[in-house]
1. Just checking, which of 7, 98, 45, 51 is within 18 Å of residue 119 (Cβ to Cβ), under 16 Å from the mean Cα position of the chain (by Cα) and among the aliphatic types (A, V, I, L, M)?
2. Do you know which residues across segment 101-112 are of a type in the set (D, E, K, R), under 20 Å from the mean Cα position of the chain (by Cα) and not in a helix (DSSP H, G or I)?
3. Out of (1) part of a helix (DSSP H, G or I); (2) surrounded by fewer than 19 Cβ atoms within 10 Å (Cβ to Cβ), the odd one out for residue 14 is which?
4. In the set 94, 157, which member is at pLDDT below 85 and either over 19 Å from residue 72 (Cα atoms) or hydrophobic (A, V, I, L, M, F, W, C) (or both)?
5. Of the residues that make up segment 63-72, is at least one in contact with a His (Cβ under 8 Å, 6 or more places away or on another chain) and buried (at least 17 other Cβ atoms within 10 Å of the Cβ)?
6. Out of all the residues in segment 48-55, is one or more surrounded by 19 or more Cβ atoms within 10 Å (Cβ to Cβ) and out of contact with any helix residue (DSSP H, G or I) (no Cβ under 7 Å at 6 or more places or on another chain)?
7. Against the condition of a type outside the set (Ser, Thr, Tyr), assigned to a loop (DSSP other than H, G, I, E, B) and closer than 24 Å to residue 110 by Cβ, how does residue 25 come out, does it pass?
8. Among 51, 31, which is on the phi < 0 side of the Ramachandran plot and at pLDDT 85 or above?
Amino acid sequence: MSVWNQLVGQSDVVDQLSQAAAAEQPTHAWLFTGPAGSGRSTAALAFAAALLCDQLNPTDRGCGHCKSCQTVFSGSHADLTHFSTENPNIKIEEARELVVKAQDRPAVGRWRIMIVEDADRMPERTSNVLLKALEEPPPQTIMDGYFTMILQGTFKEDSLSITDLQGAMAPIAEDQGVQIRIQSDAIFQAMHTL
């Protein structure tokens, strides 16, 4: 199962991120925008997994099966920093630590990936610290999250079709021994198969 399968209904975003992951030199900073629940953090992790994927063929990156893809999703990949805070705001000291960490060379992968969640909780002074790192990025660091400068695509809240949802649920239902039936355009019924 590919890392992209989790981004149901976001085919434009998947196309763009998979092309970037296959690139020799992807853009070093990404901004994921969209309403809550639209898949921003899922997309950031999928993109990180694809960038760090062990597949030699660039078009196969994001396989979801290799050690790198698995360790990204488990949160234990040596070259991934996934920052989130419980504080109301991201503190300037935390931003400075991220900038220092961004200077490290990748330990095992091609890139060092930094994901910052809820960057809108960054006061202006704190965001200026991170902007400096974005303006002069280390050669093998990709900052990927909710605060950076570029995304050519926005997550859509209402982009799921019945077919998309059924396709995404089918492997899970099969694994769990559940049958999915469409009763109308808006109602699904899951039935245990006996």
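1. Exactly one residue qualifies, and that residue is 45.
2. 110, 112 - these are the residues of segment 101-112 that are of a type in the set (D, E, K, R), under 20 Å from the mean Cα position of the chain (by Cα) and not in a helix (DSSP H, G or I).
3. (2)
4. 157
5. Yes; the residues of segment 63-72 include at least one that is in contact with a His (Cβ under 8 Å, 6 or more places away or on another chain) and buried (at least 17 other Cβ atoms within 10 Å of the Cβ).
6. No, because not a single residue in segment 48-55 is surrounded by 19 or more Cβ atoms within 10 Å (Cβ to Cβ) and out of contact with any helix residue (DSSP H, G or I) (no Cβ under 7 Å at 6 or more places or on another chain).
7. Spelling it out, residue 25 is indeed of a type outside the set (Ser, Thr, Tyr), assigned to a loop (DSSP other than H, G, I, E, B) and closer than 24 Å to residue 110 by Cβ.
8. Among 51, 31, only 51 is on the phi < 0 side of the Ramachandran plot and at pLDDT 85 or above.
The values are calculated or read from the model by the stated rules, or taken from the named source; none is laboratory data. Note that the structure is predicted; figures quoted are calculated from it, not measured. With ideal geometry, Cβ positions are generated from the backbone for all residues, glycine too; neighbour counts draw on all protein chains shown.
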